[in-house]
Amino acid sequence: MEYTDNLPIQEVAWGRLSLEEYLQLTRIITLYFAIDTNPPYLNQLQSSNAMAHILRSMEQEVYGHKVPGAFTGKRAHLLVINSSDGYVEGVASLLHMHWLLPGYQPDFLRARRLAGI
């Protein structure tokens, strides 16, 4: 990513887009996730393993003893999971979480209705 190389924002591809142009482009990926990743049964198949490890890691911290399948050892108090947007979206969908930009209402609700989910 160019911004990690300290390029000015005007020289970074995303820095050349207006907010409206950026929001228009994100609609495509939002619709893709709504159709491909978020259908309940498919999402449970794709994201349940990651969610199980996250849950075990949380249980381990709460109960203070080693839980098989946790991401960390029992003494870790901070867990950072780095993943692709598809897996993050899948886990977020299992938890009924979302993050919307102010003023941006994505078309994923409409796409979900069209997909019958």
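The values are calculated or read from the model by the stated rules, or taken from the named source; none is laboratory data. Everything numeric in this text was worked out from a predicted model, so none of it was measured. Every residue, glycine as well, gets a Cβ built from its backbone with ideal geometry; the counts of neighbours run over all protein chains shown.
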Filter result (under 18 Å from Met58 (Cα atoms) and either modelled with pLDDT of 80 or more or surrounded by 11 or more Cβ atoms within 10 Å (Cβ to Cβ) (or both)) within region 91-106: Val91, Ala92, Leu94, Leu95
Cβ pairs under 8 Å, 6+ apart, first in region 69-84 and charged (D, E, K, R), second assigned to a loop (DSSP other than H, G, I, E, B): Lys74/Gly64; Lys74/His65; Lys74/Lys66; Lys74/Val67
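From the list Leu55, Leu109, which one is part of a helix (DSSP H, G or I) and modelled with pLDDT of 85 or more?
Values: Leu109 fails: modelled with pLDDT of 85 or more.
On inspection, the qualifying residue turns out to be Leu55.
Of the residues that sit in region 4-43 and are among the acidic types (Asp, Glu) and touching a helix residue (DSSP H, G or I) at 6+ places or on another chain (Cβ under 9 Å), which one is nearest to Leu94 (Cα to Cα)? Don't jump to the end; show me each part of the working.
Pass one, region 4-43, residues among the acidic types (Asp, Glu): 5, 11, 20-21, 36.
With touching a helix residue (DSSP H, G or I) at 6+ places or on another chain (Cβ under 9 Å) added as a condition, the list becomes 11, 36.
Numbers: Glu11: 37, Asp36: 14 Å.
Among them, the one singled out is Asp36.
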